[in-house]
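The values are calculated or read from the model by the stated rules, or taken from the named source; none is laboratory data. Just so it is clear, the structure is predicted and the values come from calculations on it, not from any experiment. When we count neighbours, we look across all protein chains shown, and the Cβ atoms used for this are built from the backbone with ideal geometry, even at glycine.
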Amino acid sequence: MKPEAIDWDEDLPPAEPEEEYLTLVRTLKRTDGFNLLFVECSPAEGERWITRVKTDIPQQKIEVLRLEKSVYDFYNLIEELPNRDRINVLFVQGLEYSLYEYEQEKKDLGWESKDIYSYSWRGVPPVLINLNQQRERFRDNFKICFVFLLPKFAIDYFIQRAPDFFDWRSSLFKLSMDEESLQAESKQACSQRWKREDYLTLTPQERKRELMRIQALIDEEGQTPEQKAELFHQQAFLYRFTEEYAKALASYDKALDIKPDYHEA
């Protein structure tokens with residue numbers, strides 16, 4: 001009889017953010033040369049963790065790569081970094097823009113939703129193909145510990161569509177926001193009442209950043225159902241501005257699933 005596989009971590013409670021952070025710091029202190037770390041967190045929370053890590057590990061040469069637009073050849077981007085040979089730890093923020101933009105490109109090309117969101121070879125963004133194909137070159141040519149700071153949806157992208165890279169010499173940390181910060185940032189996001197003309201003056205990158213900020217807050221562990229419903233409502237509100245009505249309706253439906261008497265939705 002084939003023995004049944006047992007997931008020993010399945011019933012364990014999730015680690016507290018502070019405990020996860022201290023584990024991350026210990027890992028970074030021990031790292032020497034190439035390594036891959038993934039941190040699931042919101043963009044705003046990522047900035048706070050970076051500041052803290054720089055204070056707690058002053059002996060390491062730490063740099064931050066902030067991506068503001070879609071990337072196709074990530075390997076070449078790292079190769080062209082100034083002083084890359086002196087970098088011990090490189091935090092990478094904004095890689096999720098490449099994933100979000102690729103979904104939009106597929107939509108513009110007329111792909112059906114089932115093809116856009118499926119996990120087939122056809123649905124792999126170029127940046128993830130590049131990471132999969134170049135992983136040995138990363139190990140051989142860069143003596144850097146890469147720390148990818150990503151929201152939950154982007155982590156799921158890596159797990160499903162770039163497993164060769166994600167599962168290779170890597171570790172995953174989940175750094176959730178504390179309850180007070182989560183509620184404060186969620187309320188701030190929902191209280192911002194955009195006017196259509198003001199929202200449309202934003203660059204495409206700025207619009208993506210705002211939508212992904214809201215999605216990251218929705219995905220945060222510890223988010224209250226009431227606040228999550230309001231965030232879905234705000235998300236739908238922004239999708240309406242850009243006439244993405246299918247996405248707007250989906251967000252309204254999610255708000256109503258949580259709060260059926262939400263008359264605004």
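Some observations on this one:
- Test result for D156, in contact (Cβ under 8 Å) with a residue 12 or more places away in the chain and either in the same structural domain as V39 (by TED's automatic domain parsing) or closer than 27 Å to L24 by Cβ (or both): no
The rows are residues; the columns are (1) more than 19 Å from E40 (Cβ to Cβ); (2) within 21 Å of the chain's Cα centre (by Cα).
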| site | (1), (2) |
| --- | --- |
| L149 | no, yes |
| L172 | no, yes |
| R196 | yes, no |
| Y239 | yes, yes |
| T242 | yes, no |
| K247 | yes, yes |
| D253 | yes, no |
| D261 | yes, no |
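- Criterion violated by C145 - all others in (1) surrounded by fewer than 20 Cβ atoms within 10 Å (Cβ to Cβ); (2) at pLDDT 85 or above satisfied: (1)
- In the range 219-231 there is at least one residue that is modelled with pLDDT under 85 and of a type in the set (G, A, S).
- Selection count where residues are surrounded by 24 or more Cβ atoms within 10 Å (Cβ to Cβ) and of a type in the set (G, A, S), scope the range 32-45: 1
Conditions tested, residue by residue: (1) under 29 Å from E16 (Cβ atoms); (2) without any contact (Cβ under 8 Å) to a residue 40 or more places away in the chain; (3) part of a helix (DSSP H, G or I).
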{"residue": "E221", "(1), (2), (3)": "yes, no, no"}
{"residue": "E226", "(1), (2), (3)": "yes, yes, yes"}
{"residue": "E243", "(1), (2), (3)": "no, yes, no"}
{"residue": "A250", "(1), (2), (3)": "no, yes, yes"}
{"residue": "D253", "(1), (2), (3)": "no, yes, yes"}
{"residue": "L256", "(1), (2), (3)": "no, yes, yes"}
{"residue": "E264", "(1), (2), (3)": "no, yes, no"}
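- Boolean, D73 is surrounded by fewer than 18 Cβ atoms within 10 Å (Cβ to Cβ), at pLDDT 90 or above and not aliphatic (A, V, I, L, M): yes
- Selection status of T51, within 25 Å of D178 (Cα to Cα), part of a helix (DSSP H, G or I), over 22 Å from the mean Cα position of the chain (by Cα) and β-branched (V, I, T): no
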